[in-house]
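Asks: For reference, the structure I am asking about is given below.
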Amino acid sequence: MEVLILSAKIKDVAKKANVSIATVSRVINNVPLVNEETRDKVLQAIKETGYRPNAIARSLKLQKTETVGVVIHDITIPYYAQIARGVQDISMQSGYNAIICNSDADNRKEEEFMDLFYQKQCDGIIFAGRELNESVRRKFEYMNMPVILCGIEDREGEYSSVINDYDQAVYSLMKHLKVMGHKTVGLIHGDKKRAYNAKRNEEVMMATSKELGMKINKNCVIDRDFTMKGGYLAMQEMLKGELPTVVVCGNDEMAVGAIRAIEESGMKVPEDISIASLNSCEVGRWISPNLTSINHYMYDVGAISARLLIKLLEGEELKEKKVIVSHGIIDGESVKKL
């Protein structure tokens, strides 16, 4: 029976594997100077002794902590939760830990988290906050570490970013609604002061509606929280006036809330009014009717952001300053053909 050595040290592993301490160190640090047979012996000895390398000592030796800091706008929103999952999965696969912090669209919190990453000596940062404002930019400059922007763009082109082509995505959805025969459109969206793309999405919808011969009544444009309750309350307000034939919601959660308000009023979706969404998530596929929405592939946005940051950390140069992730239209059952 193998006996686990309490608080095993590197010399215990070396003794167990009958190798030098230097050889054990090479295996731990993935130095390609150890043959396969010896590497297997060391790894087996590590397993049997229960040895755990000292992370602090290792980071001092390697001059890296193999940790990345991640700022997320609001992780309760599936849009950002998908980003976080993509970042974490790729980071772990590449041997990095991710410290994920939720900023709640609060600039003060974003700066505090940046200070935390600096104190923890993170190797790099993935920033998926509300926007790249001057205070955040100054933090980046002071910290002087690799940064990838995720879901937002640096208009000055200093930092690399992974984004969606929101303009084209909104245009694609509006064109789909036009093909389905809809001419009057309502919009339930999130707070434009808190959401990076909310204002831009509304502007694109307004411009596209004119181009396609559709109409958006300003009385049918309502801002609320990006939640089911937000969609529910906005739809209740919209039901008091003249209704469009289709209402576009900021995300699937808002759409679910809007559908509930419609059903409580005695109407049905899509028989009496159609619903579409600007951002899909899992819930939209499981409600009835399942939602017509835009899939922005946010997991891929997070995963690609992590891959780019790790390339920078490994000393590679990035060929592009901006990576644009494509979108797709999910043709659900919530939009009626007129």
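Just so you know, all these numbers are worked out from the coordinates, no wet-lab data involved. Everything numeric here is computed off the predicted structure, so don't read it as measured data. Neighbour counts run over all protein chains shown; Cβ positions are idealised from the backbone, glycine included.
Asks: List every residue whose amide H lies under 5 Å from the amide H of ASP165, counting only residues 5 or more places away in sequence or on a different chain, with H placed 1.01 Å from N in the peptide plane.
Replies: Residues meeting the criterion, in which the H sits 1.01 Å from N, are VAL325.
Asks: Taking the highest mean first, how do the peptides 325-337, 139-151, 78-90 order by number of other beta carbon atoms within 10 angstrom per residue?
Replies: On the way: 325-337: 17.2, 139-151: 19.9, 78-90: 21.8.
Packing order, densest peptide first, comes out as 78-90, 139-151, 325-337.
Asks: Applying 1/(1 + (r/R0)^6) with R0 = 41 Å to the Cβ-Cβ distance of ILE324 and SER20, what FRET efficiency is obtained, to the nearest 0.05?
Replies: Numbers: r = 51 Å, r/R0 = 1.24.
The calculated FRET efficiency here is 0.20.
Asks: Do any of LYS178/LYS218; LYS218/LYS322; LYS240/LYS268; LYS9/LYS139; LYS199/LYS321; LYS47/LYS311 go past 28 Å between their Cα atoms, and which?
Replies: On the way: LYS178/LYS218 19 Å; LYS218/LYS322 34 Å; LYS240/LYS268 16 Å; LYS9/LYS139 39 Å; LYS199/LYS321 24 Å; LYS47/LYS311 30 Å.
Beyond 28 Å between Cα atoms: LYS218/LYS322; LYS9/LYS139; LYS47/LYS311.
Asks: For GLU282 and GLU158, FRET efficiency with R0 = 41 Å and r from the beta-carbon atoms, rounded to 0.05? Write down the numbers at each step before the final one.
Replies: Values: r = 35 Å, r/R0 = 0.86.
With R0 = 41 Å, the Cβ-Cβ based efficiency is 0.70.
Asks: In nm, to one decimal, how far is the modelled label at LYS109 from the one at GLU237, with both set 7 Å along Cα→Cβ?
Replies: Here the modelled spin labels are 2.3 nm apart.
Asks: Another question about this same structure. Which peptide among 285-292, 255-262 comes first, and what is the full order, when sorted by highest mean count of other Cβ atoms within 10 Å? Each step should come with its number before you reach the end.
Replies: Numbers: 285-292: 17.0, 255-262: 24.5.
Highest to lowest by the protection proxy: 255-262, 285-292.
Asks: Let me ask something else about it. LYS210 to LYS337: extension gain in nm, 0.36 nm per residue of separation minus the Cα-Cα distance?
Replies: Details: separation 127, 0.36 × 127 = 45.72 nm, distance 2.05 nm.
Result for the pair: 43.7 nm of gain on full extension.
Asks: Once you've got the GNM for the chain with C-alpha springs shorter than 10 Å, pick whichever of LEU177, LEU43, LEU243 has the biggest mean-square fluctuation.
Replies: LEU43
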